[in-house]
Amino acid sequence: MSVIGFDIGNENCVIAVVKQRGIDVLLNDESNRETPSVVCFGEKQRFLGSAGASSAMMNPRSTVTQVKRLIGRRFKDPEVQTDLKIFPFDTSEAKDGGILINLKYLGETHSFAPVQILAMLFSHMKDVAEKNLEMPVVDCVIGIPSYFTDLQRRAYLDAAKIAGLKPLRLMHDCAATALSYGIYKTDFSSTGPTYVAFIDIGHCDTQVSIVSFEVGHMRIVSHAFESNLGGRDFDEVLFGYFVAQFKEQYKIDVNSNIRACIRLRAACEKLKKVLSANSEAPLNIECLMDEKDVKGFIKREEFERLSSALLDRVCIPCKKALADATITVGKIHSVELVGSGSRIPAIAKLITSLFGREPSRTLNASECVARGCALQCAMLSPVFRVREYDVQDSNPFSIGFSSDEGPIRTPSSNGILFPRGLSIPSTKVLTFQRSSQFHLDAFYADPNELPAGVSSRICTFTIGPLQGSNSDKARVKVKIQLNLHGIITVEAAMVNNIHFHAIFQ
Ligand SMILES: Nc1ncnc2c1ncn2[C@@H]1O[C@H](COP(=O)(O)OP(=O)(O)OP(=O)(O)O)[C@@H](O)[C@H]1O
Ligand SMILES: [Mg+2]
């Protein structure tokens, strides 16, 4: 049995595997190490990954990208609505308030939930891994952003299970990166912890974690994020700039034409990458719309000026992570910059001025999450032996509970059962005096910790019916766990040491 790490990002997926002699990143059918997170539904067949990306222009309305943005989200969430405006596929509200993606496939109309699309991607990545390794792939660890809610985590697990995978852990992206950094390093000080800041700027988000390393041990001290700031936002700046320019210069409204929008967005992304290595870049698109060829040009300075508001926002999660860790910049030993969105030179400049030192690029920016996940999988799998290494991750959001009788307070908790920063996994036992079945509601206790627009409600557990109670009010013990995936579960409920059921809703 193999041990695998998956990074299923908003734009790209990476698979890593631990072998006896080290970690390998697996190649897809096109011999690439990254696979686009795309599912394209054609007239005759479905195209996944790289094939999906190549067929996207042929089926613009039936190509689903950026499913990470939709997974476990509610249709009416204002941020979802903002995203949906720029996605070319049609969507509607599902009966449960979730999202349905409506598209044409094999000549018929179909509706898919984001979890189904994600399952298709997982299944494709599983196939790629199995082809490479010539053996079944089941056990895995999957990277997720630290800002994912309980619902989003459950949806990732569901999608992986639909694809026939068994996730041993959902691991926060920065924790995976930190593991792939720390496990091989032997030069940590023996006199105290070494603090490292990990900054991951991806396609749609920015995550920052401060991690403390000691020999044989790593601990996440703080997690911070900006869930709406990644490479795609910089593409959008260029897109807006050229839409306005072409309106004036060529009298065309790119926004009115889906294909033209897709082509201009793709060209802007390329242009942005060219600007990472050059001080200026041209943009040429043949027959963009109305049979007009368009030409544009931009200097890096101008691009940086246009994106100055976005650049300023990169600092926010960095400062927050430091503040939460109660650590000053001077104590940071190294700043590790990862995620391909971080390749914009102005970002490195900004981080240099914030931390007073240049960020290092010791790690492979696009592969470190998958590599860390593969390592964690090897550590969790009974079939693989790796060196002893302790990974201590922390809870990103404070979690509270209430019952039919009001908020649950324990003497030390102030209404919060699992505070932010608590190590994961963690278990608490609550005791109730009850005569019949009752409910427990789990909720995020501080809306300020959550990404904007996210609901505080986590889930409701029904405890009971209370068998084995022969008095009016029985002592009911409920064991609640914040598990390794960062998901809240009721592990056990007992009356007089007799177990009975708890139902999750
Ligand atoms: N040379 C470059 N210069 C600037 N940006 C780049 C460069 N190369 C890639 N990018 C950008 O990096 C982003 C993709 O980064 P990455 O692959 O880390 O994202 P992801 O892991 O799929 O997304 P996320 O982590 O948000 O889920 C894209 O926006 C892409 O345009
Ligand atoms: Mg990523």
_Just to be sure before I move on: is SER279 modelled with pLDDT of 95 or more, touching a helix residue (DSSP H, G or I) at 6+ places or on another chain (Cβ under 7 Å), buried (at least 20 other Cβ atoms within 10 Å of the Cβ) and among the hydroxyl-bearing types (Ser, Thr, Tyr) in the structure I sent?_
no
*asked:* Can you tell me which condition ALA155 does not meet? The list is (1) outside any helix (DSSP H, G or I); (2) under 19 Å from GLU79 (Cβ atoms), and all the others hold.
replied: (1)
*asked:* Any residue that is away from ligand 1 (no atom under 16 Å from the Cβ) and either part of a loop (DSSP other than H, G, I, E, B) or open to solvent by less than 10 Å² (accessible area, probe 1.4 Å) (or both) - is there at least one of those in the stretch 338-349?
replied: no
*Can you find a residue in the stretch 40-52 that is within 16 Å of ligand 1 (Cβ to nearest atom), open to solvent by 20 Å² or more (accessible area, probe 1.4 Å) and of a type in the set (Ser, Thr, Tyr)?*
no
*Limited to the stretch 189-207, what total is found for residues that are away from ligand 2 (no atom under 16 Å from the Cβ), out of contact with any strand residue (DSSP E or B) (no Cβ under 6 Å at 6 or more places or on another chain) and hydrophobic (A, V, I, L, M, F, W, C)?*
0
*Please tell me if PHE148 is closer than 27 Å to LYS320 by Cα, open to solvent by 10 Å² or more (accessible area, probe 1.4 Å) and assigned to a loop (DSSP other than H, G, I, E, B).*
no
*Which of the residues spanning the stretch 209-242 are open to solvent by 10 Å² or more (accessible area, probe 1.4 Å) and among the aliphatic types (A, V, I, L, M)?*
VAL215, VAL221, VAL237
*Search the stretch 305-337 for residues being in contact with a Ser or Thr (Cβ under 9 Å, 6 or more places away or on another chain) and open to solvent by 30 Å² or more (accessible area, probe 1.4 Å), and hand back the single one that is farthest from ligand 1 (Cβ to nearest atom).*
THR326
*Which of the residues belonging to the stretch 108-156 are more than 16 Å from the chain's Cα centre (by Cα), among the acidic types (Asp, Glu) and modelled with pLDDT of 95 or more?*
ASP127, GLU130, GLU134, ASP139
*May I ask you to list the residues in the stretch 93-137 that are exposed (fewer than 15 other Cβ atoms within 10 Å of the Cβ) and assigned to a loop (DSSP other than H, G, I, E, B)?*
LYS95, ASP96, GLY97, LEU106, GLY107, GLU134, MET135, PRO136
_Among the numbered criteria (1) of a type in the set (D, E, K, R); (2) more than 30 Å from LYS95 (Cβ to Cβ); (3) buried (at least 17 other Cβ atoms within 10 Å of the Cβ), which one does LYS68 miss?_
(2)
*State yes or no: is PRO317 closer than 30 Å to ILE4 by Cβ, within 21 Å of the chain's Cα centre (by Cα) and either among the aliphatic types (A, V, I, L, M) or outside the structural domain of ALA244 (by TED's automatic domain parsing) (or both)?*
yes
*For the stretch 208-222, name all the residues that are within 15 Å of ligand 2 (Cβ to nearest atom) and not hydroxyl-bearing (Ser, Thr, Tyr).*
VAL208
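The values are calculated or read from the model by the stated rules, or taken from the named source; none is laboratory data. The structure presented is a predicted model; accordingly, all values stated were derived computationally and were not measured. Using ideal geometry, Cβ is built from the backbone for each residue, glycine included, and neighbour counts are taken over all protein chains shown. For the accessible areas, the whole protein counts, side chains as well, though only heavy atoms, and no ligand, DNA or RNA atoms are used. Shrake-Rupley method; radii C 1.70, N 1.55, O 1.52, S 1.80 Å.
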